[in-house]
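Visitor: Just passing along the structure, written as structure tokens.
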Amino acid sequence: MLKRWTLKIPVLLLSVSLAMNLMAATLVVKIDGVSKEQEQNIRSMLSLESLQSKTVASDSRLRYLYGKAENEISKALQPFGLYRPEISSQLTEGEQGWVAQFNITPGPVLLINTLDMQLLGEALQDDAFNKLFSSSPLRNGTPLIHSVYEDMKKKVNSLAAERGFYQGEFTEHRVEVDLVTYQANIVLHYDSGPRFRIGEVVFSESPLSDDFLIRYLPFKKGDPVQSGKLLDLQGALVDSDYFQRVEVRPLWGQAVGAEVPIEVTLDAHKRTKYRAGLGYGTDTGARTTLGVTRRWVNKQGHQFNTQLRASEIRNNLAAEYSIPGLRPQQDRYAVNLSLNEENSDNVETSNRLLGVSWQKQQGRWQQVAALGFQQEDFTIGGETTQTTFLIPRISLSMVSTKDRLNVNNGYRLTLQALGGSDVLLSDTNFVQLRLGAKAVHSFTPKLRLLGRADVGLTFVDDFDKLPVSQRFFAGGDNSVRGYEYQSLSPKDDSGDGLGGQNLLVGSLEVDYRLKGNWGVATFIDAGNAFEGTDTDLHIGVGVGLRWFSPIGPVRIDLAIPQSGDQNGIRLHLNLGPDL
């Protein structure tokens, strides 16, 4: 009896195994002979695709869906102008499961025989609409691609919304396919209706006067309604920092004739903004920032900002009263007052500055013209000097990147010229030119190259009278790593830094992003502050760790100086955007 059961057990296990294998049979759908885009559309319409890579629980369900496949494939190819495909198919079951094989010969593409495309209404006088219709890819004798036809309709509707043709509509739109002659006829008639114009602009209640807010308008009454211009207005008001929410919308239901009023709904920020921050940098040591901003002082949008920055080496107290210009989003005027102190191993200085400035945004360039009256006391070689200067300054700067906090590609450029004259409240004549540039280029999503250059030239009658704030120094986190902050410059007999008339600093860095928000970097820096043409560049090399935080990269660098009297490994900590 035991022997009989012993013989039956392997047979029973084999039967169970075969049954489980049959129950676990899966389906693979193979499609050959078409493009990747065509295959993707076929699979999206193929009912059989719902069983792809799944266990086939019902043979009858599988064969039913397989029977529908050829008709579904034919319909899936029609949007590509393919109405005569040849399809051979086979459904087989093997040891690995079910395989549905479809071999497709797409056949000839159906061509457009006649194209009746008409533009009616005021859009006939609009250059943008005429350009869109004249450049349409729909042409007699070209293949009928349904996505091209639908895309043309979307572009017309989108342009109508952008250009103020609120009542525009397609009066006729159809595609007629004749499978006997194997040709297509397209009818596409669009009546734009009237072009709506800007009527009265109504602002909701806000702490700022309507006379001031009107200066933000990128259009005037009677201009065509353009959605892009309305978005520009919304963006400008949000960027002004007066409002936390802005909504700009045409009141189509209140249009009088072809004039539509524009409603601007404003939700103001709190009037006063407070700021506080703590940080640490190897150049400055521990540091703190405290600030207060009065977002609006009066109904004309004047602003007042004051800020205290304190660290172990450098302290700054600054106040600014700013007045928006005729185009507040582009230009503004300011009166500035600042008190600065710096006490490091290489620099000891204190200065007071009172100035005025005009800032203008011209395209991507920010232009600043400023005039400052400055008094400065500085100590070099044990001797303290007091200087007075009236310094005019002109600067141009631009940043080009899609995202300043996460830069893949982009660059920053700054140009500055300043000077003083001994006949205009300055202790000596001088002219100074400064150039700063930085670029980021990504070779792959993880590998980047960063380059930086800073150049400065000074022409001065009496260098000893030039204030320390206008002299050049190199070394530190944002200069030549591996060297102490502002330690590179000409020195006096006792080894104290004097600062230089000229500056030349360059840097190359490669960083690689690891998993998550971490990365590693290697770099080489070179530079010095000097007199004349005796550059004597100092070089620092090193490696670093990067944490790509939401507010910009945190950089931890270890650098080794390659020349001069400094040696050993120096740690540099820095936080801020790459550009």
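Derivation of every value follows stated rules applied to the coordinates shown; laboratory data play no part. Given the structure is predicted, the values throughout are model-derived calculations rather than measurements. Glycine gets a Cβ as well: all are built from the backbone with ideal geometry, and neighbour counts include every protein chain shown.
Visitor: Using a 10 Å cut-off on Cβ atoms, rank the peptides 99-110, 494-505 from the highest mean neighbour count down.
Guide: 494-505, 99-110
Visitor: Same structure again: Using label points projected 7 Å from each Cα along Cα→Cβ, tell me how many nm separate R294 and Q367, to one decimal.
Guide: Result: 3.1 nm between the two label points.
Visitor: Could you name the lysines whose alpha carbon sits less than 17 Å from that of K131, not counting residues in the same chain fewer than 8 places away?
Guide: K153, K154, K155
Visitor: Less than 12 Å Cβ to Cβ from L435, Lys/Arg counted +1 and Asp/Glu -1: what total charge do the surrounding residues give?
Guide: Within the 12 Å Cβ shell, the charges total +3.
Visitor: Something else: So what's the net charge close to K36: Lys and Arg +1, Asp and Glu -1, counting the other residues with Cβ under 15 Å from its Cβ?
Guide: -1
Visitor: Separate question: Can you tell me what the convex hull of the Cα atoms of the range 272-575 projects to on average, as an area in nm²?
Guide: 16.9
Visitor: Length gain on complete extension for the stretch T142 to R327, per 0.36 nm per residue less the alpha carbon to alpha carbon distance?
Guide: 61.6 nm
Visitor: List the equivalent ellipsoid semi-axes of the range 64-132 in whole Å, largest first, each obtained as the square root of 5λ for an eigenvalue λ of the Cα gyration tensor.
Guide: 45, 13, 10
Visitor: Residue by residue, what Karplus-based ³J(HN,Hα) values in Hz, rounded to whole numbers, does the range 323-336 have, using 6.51, -1.76 and 1.60 with θ = phi - 60° and x for Gly and Pro?
Guide: 10, x, x, 4, 10, x, 6, 10, 9, 7, 10, 8, 10, 10
Visitor: Restricting to bridges with both residues inside the range 197-268, how much of the DSSP beta-bridge set is antiparallel, in percent to the nearest 5?
Guide: So the antiparallel bridges in the range 197-268 amount to around 65 percent.
Visitor: Could the peptides 553-559, 507-513 be put in order, highest first, of the mean number of other beta-carbon atoms found within 10 Å of their residues?
Guide: 553-559, 507-513
Visitor: Quick one: which of 536-547, 403-414, 56-67 comes out on top by average Cβ neighbours within 10 Å, and what's the full order, highest first?
Guide: Put in order of decreasing packing, that is 536-547, 403-414, 56-67.
Visitor: Work through the residues other than L110 whose Cβ is under 10 Å from its Cβ and net out their charges, Lys, Arg +1 and Asp, Glu -1.
Guide: That works out to 0.
Visitor: Further question: Loop only per DSSP, at most 15 neighbouring Cβ atoms within 10 Å: give me the trypsin sites (Lys or Arg not before Pro) in the range 67-150, ordered by residue number.
Guide: R139
Visitor: Sticking with this one: With each label point set 7 Å from Cα along the Cα-Cβ vector, what nm distance links N567 and L251?
Guide: 8.0
Visitor: Within the range 21-105, how many Lys pairs that are eight or more residues apart, or on different chains, come under 18 Å at the alpha-carbon?
Guide: Step by step, the pairs that qualify in the range 21-105 add up to 4.
Visitor: For the pair V510 and K360, what calculated FRET efficiency results from E = 1/(1 + (r/R0)^6), where r is the Cβ-Cβ distance and R0 = 45 Å, to the nearest 0.05?
Guide: Between K360 and V510 the formula returns 0.75.
Visitor: Name all residues of the range 68-98 having a backbone nitrogen under 15 Å from the label point set 7 Å from the Cα of T105 along its Cα→Cβ direction, giving them as ranges.
Guide: Residues 83-89 fall inside that zone.
Visitor: Grab the range 272-575 and count how many Lys pairs have their alpha-carbon atoms under 25 Å apart, sequence gap of 8 or more, or different chains.
Guide: 11
Visitor: By its C-alpha gyration tensor, with a ≥ b ≥ c as the square roots of the eigenvalues, how is the chain shaped: rounded for a/c under 1.5, else prolate for a/b larger than b/c, else oblate?
Guide: It comes out oblate by the Cα gyration axes.
Visitor: Run through the DSSP bridge list for the range 27-128 and note the antiparallel percent, rounded to the nearest 5.
Guide: Bridges in the range 27-128 are about 60 percent antiparallel.
Visitor: For Cα pairs less than 8 Å apart in space and 6+ apart in sequence, what is the mean separation divided by the residue count of the chain, i.e. the relative contact order in percent?
Guide: The value is 6 percent.
Visitor: Find how much the distance from Q244 to V335 grows on full extension, using 0.36 nm per residue of separation minus their present alpha carbon separation; answer in nm with one decimal.
Guide: 30.1 nm
Visitor: Report, in cubic angstrom per residue, the convex hull volume of the C-alpha atoms of the range 530-575.
Guide: For the range 530-575, the hull spanned by Cα atoms encloses 94 Å³ per residue.
Visitor: Hey, what did the range 341-390 get for relative contact order, percent, Cα under 8 Å, at least 6 apart?
Guide: About 32 percent, as a whole number.
Visitor: Cα axis of helix 146-163 to longest principal axis of the chain: angle in degrees, 0 to 90, nearest 10?
Guide: It is inclined by approximately 40 degrees.
Visitor: Then there's this: Explain nothing, just the number: relative contact order of the range 37-142, from Cα pairs under 8 Å at least 6 residues apart, as a whole percent.
Guide: 20
Visitor: Follow-up question, since we're still on this one. Run through the DSSP bridge list for the chain and note the antiparallel percent, rounded to the nearest 5.
Guide: If I count the DSSP bridges inside the chain, around 90 percent turn out antiparallel.
Visitor: Hey, which aspartates and glutamates would be in cross-link range of K270, C-alpha to C-alpha under 17 Å, not counting anything within fewer than 8 residues on its own chain?
Guide: Reachable aspartates and glutamates: E205, D239, D241.
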